[in-house]
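A quick write-up on the structure given underneath.
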Amino acid sequence: MPEQVLAAVRTAPGTTELREFPMPDIPEDGALLRVEVAGICGTDVKMYAKPPFTDPVIMGHENVGVIARAGREFSERKGLVEGDRIFVEHYVGCFRCEWCHAGEYRHCEATDWRTNPDARRYGYTSSDNPGRLWGGFSQYLYLPWNSVTHRVPDGVSPELAGLVTPLSNGIEWALVTAGVGYNSTVLIQGPGQQGLSQVVACKQAGASLIIVSGTTRDTARLAMAQELGADAVIDVTREDALGRVMEITGGRGVDVVLDCTAGAGTAPMLLGIDALKRREGTIVVQGELAAFPDFPLKKVTEKSISVKSARGHSYRSCELALAQLASGRFPLEKLGTHTFPLADTDRAIRTVAGEFGGDAVHVSLLPWEQAV
């Protein structure tokens, strides 16, 4: 076991430095993960450009690896031993509060960095905190007793397991939050990793019609959406999006709208409200706009629309995502479009941001890969 750990640290907006950290002491109820894959998502792009605080942070919250060292109590508690490959959720709950007792540790204040400056969450926590290795853009990751772990099924490669977070989000938001099921009709806005994951979730759930919208820049992603099971795609920059939805649905509209866009302003929400069926539709939004000028509240109430927020995933959604990956039913390996070594962390994040073209879907860091 090396004495030093190499990690990519966010030190300022849009700035990463490679730093070495001392190998942390591992208590009896803790463990150390040798990181094999750390996925990058749109949230990382936002947090990299505009960090919420100035502390140094090892980013990376979609982490897969092998347990390199495990304390006795950790192994007894988790049923895991050294050599096991696991996926680690980014939440680190207290497991004492009402949310944790209800199984909703994603809402625990101990892991909510927005309200708790001392919160623990992989990819968001200061590397100055005890344990230091709180992100996957590192060779090793510190695992306390209250980390949330999932064993990766045999036959699922580390790179494929790196898709668990977007796929589990797709399952949670589409099936649990929106209630998509047999014979549902769905409009998915945005064919990025979350949107494509929701195509798979909706198809698996028995949706009868899946429409995916995007822009001309998303041409390759829209084609991938059809390969994964979408029934129709719409280029909103070249077509009348609402007109196409109504044409495809015979004028009825859709049961559910899943907004997976980023930085698109108010347009997706307005389209979603109009594209929903006459009464009792559901729209799930990720929007982080501080305000929504001229929000069409009257239309929302007249159509009796349920507006729900997309917020993370549950333990069961992660387990379902791993089972989906193990099934081989969908060619999900095609979602993994780019990999980078630790030394190229800055470029990897900027690739997700689309600074080098729009063909990236899911981008991963491989901390032990050497830069060319």
Share, in percent, of DSSP beta bridges within the chain that are antiparallel, nearest 5
55 percent
Mind checking which of Ala360, Ala174, Ala49 has the largest fluctuation in a GNM of the chain, springs on alpha carbons under 10 Å?
Ala49
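Pairs to check: Lys203/Lys308; Lys50/Lys308; Lys203/Lys303; Lys203/Lys277; Lys46/Lys334. Give those whose C-alpha atoms are more than 30 Å from each other in this structure.
Cα-Cα > 30 Å for no pair; all within.
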Near Lys298, which aspartates and glutamates are there with a Cα under 20 Å away, not counting those fewer than 8 places off in the same chain?
Asp255, Asp274, Glu280
Computed from the beta carbon distance with a Förster radius of 25 Å, FRET efficiency for Ser208 and Ser327 to the nearest 0.05 stands at 0.75
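With r as the distance between the Cβ atoms of Thr237 and Asn183 and R0 = 30 Å, compute the FRET efficiency 1/(1 + (r/R0)^6) and round to 0.05. Before the final figure, lay out the partial values.
On the way: r = 31 Å, r/R0 = 1.03.
The calculated FRET efficiency here is 0.45.
Assign unit charges at the C-beta atoms only (+1 for Lys and Arg, -1 for Asp and Glu), then state the dipole size of the range 242-372 relative to its Cα centre in Debye, rounded to the nearest 20.
It comes to approximately 660 debye.
Within 10 Å of each candidate Cβ there may be at most 13 other Cβ atoms; applying that plus a DSSP loop requirement, which trypsin sites (Lys or Arg not before Pro) in the range 45-146 survive?
Values: sites: Lys46, Arg69, Arg72, Arg77, Lys78, Arg85, Arg96, Arg106, Arg114, Arg120, Arg121, Arg132; in loops: Arg96, Arg114, Arg120, Arg132.
Answer in residue order: Arg96, Arg114.
On average, how much accessible surface per residue is there in the range 40-149, in Å², for a 1.4 Å probe, leaving out ligands, DNA and RNA? Before the final figure, lay out each step's value.
Working: 4450 Å² over 110 residues.
Accessible area per residue, the range 40-149: 40 Å².
Under 9 Å from the Cβ of Thr216, count the other residues' Cβ atoms, weight Lys and Arg +1, Asp and Glu -1, and hand me the total. Intermediate values should be presented prior to the final figure.
Details: positive: Arg217, Arg238; negative: Asp218, Asp235.
For residues surrounding Thr216, the net value is 0.
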Sticking with the crude label model, points 7 Å out along Cα→Cβ, report the distance from Thr337 to Cys97 in nm, one decimal please.
3.7 nm
Once Lys and Arg get +1 and Asp and Glu get -1 on their Cβ, which of Val233, Thr219, Val256 lies farthest toward the positive end of the dipole of the range 179-299?
Val256
Please list, in chain and number order, the residues 5+ apart from His338 or on another chain whose amide H is under 5 Å from its amide H, with Hs placed from the backbone.
Val361, His362, Ser364
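Under a point-charge model restricted to the Cβ atoms of Lys and Arg (+1) and Asp and Glu (-1), what is the dipole moment magnitude of the chain relative to its Cα centre, in debye to the nearest 20?
Details: 36 positive and 45 negative charges, 177 e Å.
I would put it at about 860 debye.
Two decimals is fine: what's Rg over Rh for the range 43-169, C-alpha atoms, Kirkwood radius as Rh? Intermediate results must be reported in sequence, preceding the final value.
Working: Rg = 14.5 Å, Rh = 15.2 Å.
Rg divided by Rh gives 0.95.
Taking R0 as 51 Å, what's the FRET efficiency between Glu76 and Ala264 from their Cβ-Cβ distance, rounded to 0.05?
Details: r = 48 Å, r/R0 = 0.94.
E between Glu76 and Ala264, to the nearest 0.05, is 0.60.
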Debye, to nearest 20: dipole size of the range 34-153, +1 on Lys, Arg Cβ, -1 on Asp, Glu Cβ:
160 debye
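Can you order the peptides 312-323, 184-195, 348-359 by their average number of other Cβ atoms within 10 Å per residue, highest first?
The most tightly packed comes first, giving 184-195, 312-323, 348-359.
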Given the options Ser304, Leu271, Gly287, identify the residue whose Cα lies farthest towards the positive end of the charge dipole of the range 271-340 (+1 on Cβ of Lys, Arg; -1 on Cβ of Asp, Glu).
Ser304
Rank-order 24-32, 291-299, 203-211 by packing density, defined as the average count of other C-beta atoms within 10 Å over each peptide's residues, highest first.
203-211, 24-32, 291-299
In whole percent, what relative contact order does the chain give with Cα contacts below 8 Å and a gap of six or more residues?
17 percent
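For n ≥ 4 DSSP H runs only, could you compute -39500 (n - 2.57) per run for the chain, divide by its residues and tell me the 222 nm figure to the nearest 500? Don't jump to the answer; show the numbers that get you there.
On the way: 12 runs with 98 residues, N = 372.
Computed ellipticity for the chain at 222 nm equals -7000 deg cm²/dmol.
Residue separation times 0.36 nm, minus the C-alpha to C-alpha distance between Glu109 and Val307: what's the value?
Details: separation 198, 0.36 × 198 = 71.28 nm, distance 2.40 nm.
Separation in residues times 0.36 nm, less the Cα-Cα distance, equals 68.9 nm.
Just to confirm the filter: which chymotrypsin sites (Phe, Trp or Tyr not before Pro) across the range 130-236 are DSSP coil and have at most 13 other Cβ within 10 angstrom of their Cβ? Working shown, then result.
Working: sites: Trp134, Phe137, Tyr140, Tyr142, Trp145, Trp173, Tyr182; in loops: Trp134, Phe137, Trp145, Tyr182.
Hits after loop and neighbour filter: Tyr182.
Relative to the present Cα-Cα distance, how much length would full extension add between Asp118 and Lys46 at 0.36 nm per residue of separation? If you can, show how the numbers build up before the last one.
Values: separation 72, 0.36 × 72 = 25.92 nm, distance 2.08 nm.
Length gained, Asp118 through Lys46: 23.8 nm.
The values are calculated or read from the model by the stated rules, or taken from the named source; none is laboratory data. Worth saying up front: this structure is predicted, and the values here are computed from it rather than measured. A quick note on method: Cβ atoms are made from the backbone with ideal geometry, for glycine too, and the neighbour counts reach across all protein chains shown. The accessibility values were calculated without ligands, DNA or RNA, using every heavy atom of the protein model including side chains. Shrake-Rupley method; radii C 1.70, N 1.55, O 1.52, S 1.80 Å.
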